[in-house]
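First up is the structure itself, then whatever we jot down about it.
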């Protein structure tokens, strides 16, 4: 075991080992890629970089996204850094044969609630629903989105492992189930046996009140996004997402209910939602 950010520690732990597949989930900016290139050149049969579907063009020219959709996101530094990582890796592939495969998840969930507003990895949204407090859905809630259960994502990812035809290629791996944001939040409330108090607020207004949400909204979830999964299904024959959201979210909620320590309310998120609601009411 070693800390990936401590190069000598990693080299000592690896010794002369080689790897069939390396998957990096924690590379967020070009220096992380330079670190990995220095560490893993000549050691990997395949290096899989976990990028992000938020790297795709925002605002989109078309709501159906393929792997050839341009990568361009002026609204979110996170996405721009992922794009820069991809560009550096593809240059390494072209110039030195570095065996990269790029994977772009969209909103993938299992222990977390796959939501746009209400926190990530916390119970804040559910706590508000239980207390009968209002929740926010950006826009009118009718834009299209896709959420993917982690088990389904994993099926596609594993199908790329050791696949020589995947080298030098990028893939997104998402569900084919398309939902509106009203349906996403409504399904969560329904699974809890609660009728949600929803307040629809324009995304532009939300980010004026809470600028830190600009990336995740204007740089991502404010736009309709439907993913054409033809490519992953071609490279991984038989791949199909099989967990519908109505089932997956019940698993997520059951996980919260089974472990009281996970029912954490993020006070900062809670206050931010109230601040946005109060500003909208004014």
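Could you identify the single residue in 259, 228, 266 that is more than 22 Å from residue 149 (Cβ to Cβ) and surrounded by fewer than 19 Cβ atoms within 10 Å (Cβ to Cβ)?
Unique residue meeting the criteria: 266.
Out of 169, 149, which single residue is buried (at least 21 other Cβ atoms within 10 Å of the Cβ) and touching a residue at least 24 places away in the same chain (Cβ under 8 Å)?
The unique qualifying residue is 149.
Only one residue in 141, 186, 162 is assigned to a helix (DSSP H, G or I) and modelled with pLDDT of 95 or more, so which one is that?
186 is the lone residue from the list that is assigned to a helix (DSSP H, G or I) and modelled with pLDDT of 95 or more.
Filter region 1-40 for residues that are touching a strand residue (DSSP E or B) at 6+ places or on another chain (Cβ under 6 Å) and exposed (fewer than 15 other Cβ atoms within 10 Å of the Cβ); which is nearest to residue 103 (Cα to Cα)?
Result: 25.
State yes or no: is residue 246 closer than 16 Å to residue 125 by Cα and either at pLDDT 95 or above or not in a loop (DSSP other than H, G, I, E, B) (or both)?
No: the conditions fail for residue 246.
From 71, 89, which residue is within 22 Å of residue 157 (Cα to Cα), within 19 Å of the chain's Cα centre (by Cα) and modelled with pLDDT of 95 or more?
71
Could you go through region 195-211 and let me know if any residue there is closer than 19 Å to residue 241 by Cβ, surrounded by 15 or more Cβ atoms within 10 Å (Cβ to Cβ) and touching a helix residue (DSSP H, G or I) at 6+ places or on another chain (Cβ under 8 Å).
No, the conditions are met nowhere in region 195-211.
Hey, can you tell me all the residues within region 68-79 that are within 22 Å of residue 228 (Cα to Cα) and either in contact (Cβ under 8 Å) with a residue 12 or more places away in the chain or buried (at least 19 other Cβ atoms within 10 Å of the Cβ) (or both)?
Once the filter is applied, which keeps residues that are within 22 Å of residue 228 (Cα to Cα) and either in contact (Cβ under 8 Å) with a residue 12 or more places away in the chain or buried (at least 19 other Cβ atoms within 10 Å of the Cβ) (or both), region 68-79 yields 69, 70, 71, 72, 73, 79.
The values are calculated or read from the model by the stated rules, or taken from the named source; none is laboratory data. The model shown is predicted, which means the values in this text are computed figures rather than measured ones. Reconstructed Cβ throughout: ideal geometry from the backbone, glycine too, with neighbour counts over all protein chains shown.
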